[in-house]
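The values are calculated or read from the model by the stated rules, or taken from the named source; none is laboratory data. For clarity, every value in this text was computed on a predicted model and none was experimentally measured. Cβ placement follows ideal geometry from the backbone for every residue including glycine, while neighbour counts extend to all protein chains displayed. Calculation scope for accessible area: heavy atoms of the full protein, side chains included, ligands and nucleic acids excluded. Shrake-Rupley method; radii C 1.70, N 1.55, O 1.52, S 1.80 Å.
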Amino acid sequence: MAAPWEDVLRDEAAIREAAAVAVDAALLHGVLMRTEREPNASDVVNYAPFTLLPSAVPSALFEQAYAVQQDFNLLVDAISQNKEFLEHTLASTIKVDDFTARLFRIHMQVLEEGLAQPVFLGINRSDYMFDCGVDGTPALKQIEINTIAASFGGLTSRTAAVHGQVLKVLGKSEEASRLLPNNPAKGLALGIAKAWELYGSQSAVVMFLVEKVQRNIFDQRCVENELWNRNIRVIRKRFRDVFEKGSLDDDKRLYVDGQEVAVVYYREGYVPKNYDQQNWEARLLLERSRAVKCPDIATQLAGTKKVQQELSRPGTLERLLPGRTEAVARIRATFAGLYSLDMGEEGDKIAATAIADPDRFVLKPQREGGGNNLYGEELRQVLEKIRDSPERTSYILMDKIKPQPAKNYLLRAHSPLQVSECISELGIFGVYVRQGKEMVMNKAAGHLLRTKAIEHADGGVAAGVAVLDTPYLV
């Protein structure tokens, strides 16, 4: 994909002027993060990192990603309701991965007690890259689906305005007018508001469950403000608050600090370091309650890499989405090659192939949050170490996607202005609400484009590697 800004990239003076305008526009529009030095204070803030110019995205692939999102919403929801599928798929993983095992144990305990939760809310983000095959034609390939704490729906709602301003300054008003409006914050809030309404108590609150370190608070505030605008009360609590001040009444209604909670929206709880023994107890309390969890623990498990790999096996999608032939075809068209490392002949063979040719693959552990995947020599060393151990079953192997790089400037506070060879990842936000067996809402809620320099194999914006971007459809 040729960058539409070749002429601009050669004009250093214009670039410097545009970068100064861009930074001020980002601050003006609220594309903000707290600083690393003061991650829990808003006295001093800075702009969230972003690209100077919007990146080219093939319009056909962009439309394909939007078109398949409702299918992915249905799929995630179907997996979350299928105890046998989760049990079978995660059987080898929970033997060697303590984090997944603990989540799974809570899931089973809650099922045995009987689900108290009548309404289900899913907010997920399906992430893709544009794979340039042998003939150079780009294809949409799914990297992963995030079913818990999918972030940047707020800040990306404000990024297009910044890029529009930059293009105008560079004399490209016509191109600026072609940038798509995008407001995931509103779409996510619509889902939360619907779940709150169906819960059926006007006085109940929405609880954002947040991390100890809250650098990315403004991203969350965008969604929060949409709820306040609908007169829905929002409280922000940590696991510790739930442990110390949380309780269930006889009807399993959840109270935290004396306030009834209708919806728990997780922006934490997706990696092992989020948990100590108290936090696990708080998570169990939340799961046992009537409150709408976003996500409930089954939906979190539906987003594991092992589930992703199982979905690529022939016949699996058909079993999970019976009678939905077209949806299955749309979903399958986005899959990259995924391989099991389970113990046995099949796993032995694929491990040997990856050790012999590590640059063909990515090795993925069962973790969210970016920065966990292994590539190249590191992949080979880890696989050689665990090739004969059951530990290898806690990973999956995926074909490495090879996108076409393009030049751009990545604007970061206190970093020099220099051009980089970059690749981009497109995320589509999906929101669904189910009451009992009835799907009440199912929609794509907006998009997120993140871009990083090609020397960084892995990691997102929160991990300090990728930056926010806006798609320019070509």
Task: Farthest positive-ward along the chain dipole, Cα basis, beta-carbon charges - from Leu75, Pro295, Leu248 - done: Leu248
Open item on the list: Checking understanding here: applying a Kyte-Doolittle mean of at least -1.0 and a length along the axis of at least 18 Å (C-alpha), which whole DSSP H helices in the chain pass?
Closed with: 12-29, 98-113, 156-169, 184-199
Open item on the list: Please compute the length gained on full extension between Ser173 and Lys252, using 0.36 nm multiplied by the number of residues separating them and subtracting their Cα-Cα distance.
Closed with: 22.8 nm
Open item on the list: Once you order the gyration tensor axes a ≥ b ≥ c over the Cα atoms, which shape class does segment 306-459 get: rounded for a/c under 1.5, otherwise prolate or oblate by comparing a/b with b/c?
Closed with: oblate
- [ ] Compare Leu115, Leu179 by solvent-accessible area with a 1.4 Å probe and give them largest first, with all protein chains kept in place.
- [x] Leu115, Leu179
Task: segment 23-130: trypsin sites (Lys or Arg not before Pro) in DSSP loop, at most 12 other beta carbons within 10 Å - done: Arg37
TODO: Pop the C-beta distance of Glu421 and Met343 into the FRET formula with R0 = 56 Å and round what comes out to the nearest 0.05.
DONE: 0.90
Task: Sequence of Tyr275, Tyr375 when ordered by accessible area, the most exposed leading, probe 1.4 angstrom - done: Tyr375, Tyr275
Task: Formal net charge of residues neighbouring Leu227 (Cβ-Cβ distance under 11 Å; K, R +1; D, E -1) - done: +2
Task: Sequence-separation-based contact order of the chain, relative, with Cα cut under 8 Å and 6+ spacing, percent - done: 25
Open item on the list: Ordering Thr93, Thr137 by accessible area with a probe of 1.4 Å, largest first, what comes out?
Closed with: Thr137, Thr93
- [ ] With a probe of 1.4 Å, find how much accessible area segment 337-400 has per residue, and write the answer as a whole number in Å².
- [x] 46
TODO: Could you look at segment 131-250 and say what percent of its accessible area is carbon and sulfur, using a 1.4 Å probe and all protein chains?
DONE: 43
Open item on the list: In Å, what Kirkwood hydrodynamic radius results for segment 1-66 from the alpha-carbon pair distances?
Closed with: 14.5
TODO: Between beta-carbons, use under 14 Å as the cut-off and find the net charge around Lys168, counting Lys and Arg +1, Asp and Glu -1.
DONE: -2
Task: Net charge dipole size for the chain [Lys, Arg +1 and Asp, Glu -1 on Cβ; Debye, nearest 20] - done: 780
TODO: Could you pull out every one of the lysines with an alpha carbon less than 18 Å from that of Lys252, ignoring same-chain neighbours closer than 8 positions?
DONE: Lys293
TODO: Please give the per residue accessible area of segment 26-69, computed with a probe of 1.4 Å over protein heavy atoms only, in Å².
DONE: 44
- [ ] Ignoring everything but the protein chains, give the 1.4 Å probe accessible area of Ile192 in square angstrom, nearest 10.
- [x] 0
Task: About the Cα centre, charge dipole magnitude for segment 337-400 (Lys/Arg +1, Asp/Glu -1 at Cβ), debye - done: 160
Task: Residue among Ile454, Ser394, Phe218 farthest towards the positive dipole end of the chain, charges placed on Cβ - done: Phe218
Open item on the list: Can you pull out the GluC sites (Glu not before Pro) in segment 9-69 whose DSSP state is coil and whose Cβ has at most 12 other Cβ atoms within 10 Å?
Closed with: Glu36
Task: DSSP-assigned coil residues among trypsin sites (Lys or Arg not before Pro) in segment 371-474, each with at most 15 further Cβ atoms within 10 Å - done: Arg412, Lys437
Open item on the list: Within segment 337-400, what whole-number % of the accessible surface is contributed by carbon and sulfur, with the 1.4 Å probe and all protein chains included in the calculation?
Closed with: 44
Task: Most positive-pole-ward Cα, Ile355, Met439, Ser424, against dipole of the chain from beta carbon charges - done: Met439
Open item on the list: How large is the direction-averaged shadow of the alpha-carbon convex hull of segment 337-400, in nm²?
Closed with: 3.8
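Which pairs, out of Lys83/Lys364; Lys83/Lys273; Lys305/Lys349, put more than 22 Å between their alpha-carbon atoms? Please list the in-between numbers first.
Numbers: Lys83/Lys364 24 Å; Lys83/Lys273 26 Å; Lys305/Lys349 20 Å.
Those over the limit are Lys83/Lys364; Lys83/Lys273.
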- [ ] Treating each Cα of the chain as an identical point scatterer and ignoring solvent, apply the Debye formula and state log10 I(q)/I(0) at q = 0.06, 0.08, 0.13 Å⁻¹.
- [x] -0.26, -0.47, -1.28
